[in-house]
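Just so you know, all these numbers are worked out from the coordinates, no wet-lab data involved. Quantities reported herein were computed from a predicted structural model and do not represent experimental measurements. Positions of Cβ are backbone-derived with ideal geometry, glycine not excepted, and every protein chain shown enters the neighbour counts.
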Amino acid sequence: MRKPFICGNWKMNTNRAEAVALAEATAAAAAEVTVVEVGACPPACYLEAVLAAAQGTPLVVGGQNMYFQEKGAFTGEIAGPMLADLGCTTVILGHSERRHVFGEPDDLISKKVHAAFACGLKPILCVGELIEQRRAGETETVVRRHVATGLEGLSPEQAAAIVIAYEPVWAIGTGETATPDQAQKVHAFIRTLLADLYDARLAQAVRIQYGGSVKPENAYDLMREPDIDGALVGGASLKADSFAAIIAEAAKAKRL
């Protein structure tokens, strides 16, 4: 049985006081459920404060990005061992904003995935298509490329530990959301692809999140789908009450 993972991506938001208060509230919400894993990925400058607030609670804390080199002359970058040294256990890689705003190619994201595992971090690998690609019928082609290159060279043990987040780019921060049926079809496709790349047993073990304007009003219906194993939540994770409601809806859906 895959344990759902609801993770908040705070992006470039909050100040220190807001981050600590949000972490404390999110940690309290995480403590209320046992059937759902809960995480938060704050801005890097507030990681230490958020980790301190989460200490002794079930809240998982991770980075929003990292570079693939362990150290060196890479001004402004954060290395995986730095995240691990702070106490992070996960990191978001290949988010659509990294791909399409900062121009990160598939091969760079693959290097980051390998580097994350090398320092003990579990990657959340984001995949998903642009609206033009969906309209052109290219969703599966794009998702196949993202998944295959992101997992290239990983051992079965590493692949089983990764979290994949399907994020249709057209639904991120737009208020639009893929319908549960649309999301489920892509999640099922990803699971079939994992079976082709590895085997059916591994495919059934990997958690696949949905990301794209997840909110309390649609979380239950999304989480009821058989291949949706959680959510990577943006804007709604910045409000403690809405994120707690999403966590509660996910728990309710997965208890069925």
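Calculated [222 nm] ellipticity per residue, helices only, for the chain: -14000 deg cm²/dmol; basis is -39500 (n - 2.57) per DSSP H run with n ≥ 4, divided by all residues, nearest 500. Close amide H contacts of ALA231 (hydrogens built in the peptide plane, cut-off under 5 Å, sequence separation of 5 or more or a different chain): PHE5, ILE6, CYS7, TYR210. Largest GNM mean-square fluctuation across ALA21, ALA53, ALA245, computed for the chain with C-alpha springs under 10 Å, falls on ALA21. With a simple spin-label model that places each label point 7 Å from the Cα along the Cα-to-Cβ direction, the separation between GLU176 and ASP106 comes to 2.4 nm.
Among PHE68, PHE102, PHE189, the largest mean-square fluctuation in a Gaussian network model of the chain, built with springs joining Cα atoms closer than 10 Å, belongs to PHE102. The stretch between GLN69 and LYS239 holds 57.8 nm of extra length on full extension. This uses 0.36 nm per residue minus the Cα-Cα distance. For the chain, a Gaussian network of Cα nodes joined below 10 Å ranks LYS11, LYS239, LYS112 by mean-square fluctuation, and the top entry is LYS239. Pairs exceeding a 30 Å alpha-carbon distance, out of LYS3/LYS112; LYS11/LYS254; LYS71/LYS254; LYS11/LYS185: LYS71/LYS254. Arranged from fewest to most other beta-carbon atoms within 10 Å of their beta carbon, TYR67, TYR166 become TYR67, TYR166.
Neighbours of CYS41, meaning other residues whose beta-carbon lies under 13 angstrom from its beta-carbon, give a summed charge of +2 when Lys and Arg score +1 and Asp and Glu score -1. Less than 5 angstrom separates the built amide H of GLU104 from those of ARG99, all sequence-distant by 5 or more or on a different chain.
Each semi-axis of the equivalent ellipsoid for the chain is √(5λ) with λ an eigenvalue of the Cα gyration tensor; in descending order they amount to 24, 23, 17 Å.
Taking a Cβ cut-off of under 11 Å around GLY173, the surrounding Lys, Arg, Asp and Glu residues balance to a net charge of -2, with basic ones at +1 and acidic ones at -1. In terms of overall dimensions, the C-alpha atoms belonging to the range 77-173 reach 43, 28, 19 Å along their principal axes, ordered largest to smallest. Among THR174, THR26, a tally of other beta-carbon atoms within 10 Å of each Cβ gives an order, fewest to most, of THR174, THR26.
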